[in-house]
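Notes to accompany the following structure.
None of the figures in this text is laboratory data; all of them are computed from the coordinates on show. In this text the structure is predicted, and so the values were computed from the model without any measurement. Cβ placement follows ideal geometry from the backbone for every residue including glycine, while neighbour counts extend to all protein chains displayed.
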Amino acid sequence: MAAVRGEFSSKFGFILAASGSAVGLGNIWGFPTQAASNGGAAFLLVYLILAFALAYPVLMAELIIGRHAKSNAVNALRLISNSKVSYLIGSITGFVGIITASLILSFYALVAGWMLSYILAPIAELLGQQWAADWLTDFGLYRNIIFLLIFMTLTVTIISGGVKDGIEKWSTRLMPALLGLLLLLIVYVLFQDGAMEGVKAYLLPDFSRVVDTKLIVSALGQAFFSLSLGVGTMLVYGSYISQKENLSYLGKMVTLVDIGIAVMAGMLIIPAMYVAQANGVQIFDAAGQLISEDTLIFTVLPALFDTMGTVGIFISFAFFVLMGIAALTSSISMLEVPVAYAVENHGIDRKRAAQVIGLVIATISVIIAFNFEALFGLTIRATTRFSQPVLGLMLCVFAGWIWHRNKMLEEIKQGYAEVESGFFWKIWPSYIRYFCPIAIIVVFAQRVLS
């Protein structure tokens, strides 16, 4: 069955594919902008704590369940259920995960489409076609729809190739390119006037803000979103891992790469904001807060690039290529969640499933584009701030309370025979059973009460 479904051909291939899923706009765009609007270094500190304390254990739960089941999230949670009630809850959790992944991709495709249009804008400018550059960078309905459809076409094409010839093949090409571009841009920005002030804002925390409920909830949502947790993405990727691989090692590597790139992205974006300020670009709003979210990426940074003259055109191109790659490596994993279910549970050809589901998600994206003010922010909040952590909670419940501990141990032992005597197994089962669910519930209870 594993051969029919497909497997990652190597440990390296899985790490790059899973890291590519995690390292999307959630890291390159979401993390720095969240940090900018939530105290900079204070947000970074809380994010790092929650990523290791909550996100990594949940990631391991997804990988272990996925490899054991060798199937999609719905089938996997049904397989480890021990009663009719848990079977029903597992089915609902799996289906909600599929819906959440699809909704995330629906707004994600819009944002990724903006990245694609901004990649072309510097080229149009170099060719002397300023009208085209202006159209590509102006927020417009037709531009949004055209480029979200282009982006979805790219995503569908990659997923249609399957695990080895689609997901793994393109991840091993795109991820090194992403890392190279990110490092080059960081080096360039750090040598500009004003960059060191941004580094201080990013790395020196105001400890009074680390207990801010809004900051904690935002950091938890960011940790789950950036690691693609809760929706079944990592569970499905886990189902494509060979039985001989050490899941504990793979989980650590994916988490470290994801967090490392998020931190690196912060070292690019936040110092760049202060470089922009040194060049006369406004980075604080009327209330004295750092400008964040889409205003940062699509207004502040392009304004900075404009102050650089001709070199700014090339920097702008490189930056938005980076953003486009990050978006694509993550989108393919999100589309794989519903596609895997359609292929395995309904016997639909992979290519046809990717095309049909991609068309449905693209249609939802178009609806959001037509009703942007009402639906865009709502979709983001509903999926990344609430649905993902709640789904993560359910995965903790299944891994910690429903699936038999000995069967879980047997699954991990297949790639790590000494796991029982190691630190991971001494801590993780109790941690995922007690600490993770309680911590997630407490954070959201504070959110509701506030």
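Overview of results
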item: Per-peptide average of other Cβ atoms within 10 Å, ordering 351-362, 335-346, 424-435 highest first; result: 335-346, 351-362, 424-435
item: Label assignment, Rg and Dmax of the Cα atoms in Å derived from the structure, set [x] 27.5, 93; [y] 20.7, 62; [z] 21.3, 67; result: [z]
item: Packing rank of 165-171, 363-369, 417-423, 76-82, where each peptide gets the mean count of other beta carbons within 10 Å, highest leading; result: 165-171, 76-82, 363-369, 417-423
item: Alpha-carbon centroids, region 339-379 and region 159-214: separation in whole Å; result: 28 Å
item: Sum of -39500 (n - 2.57) over DSSP H runs of 4+, divided by residues of the chain (222 nm, nearest 500); result: -23500 deg cm²/dmol
item: Of the DSSP H helices in the chain, those whose Cα atoms cover at least 18 Å axially and whose Kyte score averages -0.5 or more; result: 56-69, 84-126, 141-160, 169-190, 213-226, 247-278, 310-346, 350-370, 436-449
item: Protection proxy ranking of 265-274, 66-75, 124-133 - average other beta-carbon atoms within 10 Å, highest first; result: 265-274, 66-75, 124-133
item: The chain - percent relative contact order, Cα under 8 Å, separation 6 or more; result: 34 percent
